[in-house]
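These notes are about the structure you will find just below.
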Amino acid sequence: MKNAAQLNKQFGIAGQLTFRDDASGLVVADFSNTQATAALCLQGAHLMSWQPKSQAKPVVWLSRDAKMAAGKSIRGGAPVCWPWFGAHASEATFPGHGYARTVPWQVMESGVEPNGATRLTLRLVDSDKTRAQWEHSCNVELSVVVGETLRMSLTTENTGTHDFVIGEALHTYLQISDIASVRVTGLEGCEYWDKVGGSVLKKQDGAVTFASEVDRVYINTANECVIHDDKLKRRIHIKKSGSQSTVVWTPWVEKATKMGDMGQPDGWREMVCIESVNAIENVVTVAAGTKHALVVEYTASSL
Ligand code: BG6
């Protein structure tokens, strides 16, 4: 894999995009333009932060206990879950949420959009280890556009001769004032699998609010979701295509304490995950020779 100096030569953009070697040995891409700042770790194509210039606080949350290490997922940001979501259907030893978030990705391309936002595209690098868990021929790319809007596109191209089925997610951790004082709209009337205390199918009544652990897979919904945060005086809009499931997750105190990397003692209160997903009945068949794209746009608007 290329180091930061080589990447800067080939893909760096003066005043907008630079690569640096982190002490962990991983390479990070730093974005800074007139609209926003962001950072992305090449391992996992893991966006770690995003803050539009219009916002006093980041919009994408990163745990203050987040650790960067080879082969380990980073707590917070936007982990890429692929090619399955949650536990693997049959192999208990395969990693939860797939392997994409813990393997190297290669930089393919960078550029500036007509509106001045900065674009970076990465491709998942396969290895004997990944092929042992996923035998299909494919190209998987993540393209990130950092501006006043953050746009992330996860594309799966089936380059083989057989159809395959994927589960996937852009598992974004979003920065909020306090979990007990926000509400999420856009899922009213949707069915969801409630993963707290077993897996039971329920129907959402009104906005989603939080008073204990929430771990839900809303199905058959491509709706835009909005986080209403009166204390931070802003709304975060999550608009998606190519995704039929939405996961809403907060671990709450007991689980967050057990996890140990959520920013002790109460960092978990300042995040909520609104994940754009294809899972359970919404897994996607990618036919041989075709492409599937999951695209999400995030914006923050001040109240
Ligand atoms: C969510 C799941 O998507 O991710 C939760 O619905 C899970 O069940 C959470 O706890 C975090 O997962 P991980 O593997 O990053 O700790």
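Every number in this text was worked out from the coordinates using simple rules, so none of it is lab data. What you see is a predicted model; the values in this text were computed from it and never measured.
Taking θ as phi - 60° and the Karplus parameters 6.51, -1.76 and 1.60, the scalar couplings of region 18-35 work out to 10, 10, 9, 8, 7, 4, 6, x, 8, 9, 10, 9, 9, 10, 7, 9, 5, 9 Hz in sequence order, x denoting glycine and proline. Working from Cα pairs under 8 Å separated by at least six residues, relative contact order for the chain is 17 percent.
Taking amide H positions as modeled 1.01 Å from N, with prolines and chain starts lacking one, the residues under 5 Å from T37 and 5 or more places away or on another chain are Q51, K53. Calculated mean residue ellipticity, 222 nm, the chain: -2000 deg cm²/dmol, from DSSP H runs (n ≥ 4) at -39500 (n - 2.57) each, averaged per residue and rounded to 500. Straight-line cross-link partners of K203 among the aspartates and glutamates, defined as a Cα under 13 Å from its Cα and at least 8 positions apart when in the same chain: E188, E191, D194.
The lysines whose alpha-carbon is closer than 22 Å to the alpha-carbon of K53, local same-chain residues fewer than 8 away aside, are K231, K233, K239. For I176, the amide hydrogen comes within under 5 Å of the amide hydrogens of M271, V272, counting only partners 5 or more places away or on other chains and with H modelled in the peptide plane. Plainly put, the chain has a radius of gyration that is 0.94 times its Kirkwood radius, both from alpha-carbon atoms, as the Rg/Rh ratio.
The phi-based Karplus calculation (6.51 cos²θ - 1.76 cosθ + 1.60; θ = phi - 60°) puts the 3J(HN,Hα) values of region 110-119 at 9, x, 10, 6, x, 8, x, 6, 9, 10 Hz, whole numbers, x for Gly and Pro. Measure out, as a whole number of angstrom, how far apart the alpha-carbon centroids of region 250-281 and region 53-128 sit. Answer, in whole Å: 16. Phi-derived couplings, Karplus 6.51 cos²θ - 1.76 cosθ + 1.60 at θ = phi - 60°, listed residue by residue for region 2-14: 6, 8, 4, 4, 5, 5, 4, 5, 8, 10, x, 10, 3 Hz, with x used for Gly and Pro. Full extension of the chain between M1 and T93 gives 30.4 nm of extra length, using 0.36 nm per residue less the Cα-Cα distance.
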